[in-house]
1. Just one of (1) aliphatic (A, V, I, L, M); (2) loosely packed, with under 13 Cβ neighbours inside 10 Å; (3) under 27 Å from the mean Cα position of the chain (by Cα); (4) modelled with pLDDT of 90 or more trips up Val38, so point out which.
2. Six or more apart or on different chains, Cβ atoms under 8 Å: show the pairs whose first residue is in the range 14-43 and on the phi < 0 side of the Ramachandran plot and in a helix (DSSP H, G or I) and whose second is of a type outside the set (D, E, K, R) and surrounded by 10 or more Cβ atoms within 10 Å (Cβ to Cβ).
3. Quick check on my filter: what residues within the range 57-106 are of a type in the set (S, T, N, Q) and surrounded by 12 or more Cβ atoms within 10 Å (Cβ to Cβ)?
Amino acid sequence: MINRFEHKNSIIFRVSDTFFRWISVIILVIICFAFYYVIDASGRNTIERQQSSLENVINRDIVQCYAIEGRYPPSLTYLEEHYGLVYDRSTFFVDYRPIASNMYPDVTVIKAR
């Protein structure tokens, strides 16, 4: 018996179940790659913000030291000991080069990885 909505001579494109399975797998893979890309981009943005924040904190501590003591800090460890500077050494490298006690030091913050 024929279905009443189907005509015997009509041409109907029928898609097999395997086609739908492959499409489902491809869509899943695309979603996984998109999710990975979003998470990776978010992580890179966070590291850049941390680096900017660390630069601002170091500059603030240098200026605070000069305002309180009348001289710029002699080293980065001085800032860590007396002004509470804390940062992740495995993520960032800080190059601190004092020029003189009355001249602003040269400070560079570089991402270590």
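1. All conditions pass for Val38, except number (4).
2. Every condition considered, no pair remains.
3. Of everything in the range 57-106, those that are of a type in the set (S, T, N, Q) and surrounded by 12 or more Cβ atoms within 10 Å (Cβ to Cβ) turn out to be Asn59, Gln64, Ser75, Thr91, Ser101.
The values are calculated or read from the model by the stated rules, or taken from the named source; none is laboratory data. Not measured: the values here are computed from a predicted model. Note that each Cβ is placed from the backbone with ideal geometry, even for glycine, and that neighbours are counted across all protein chains shown.
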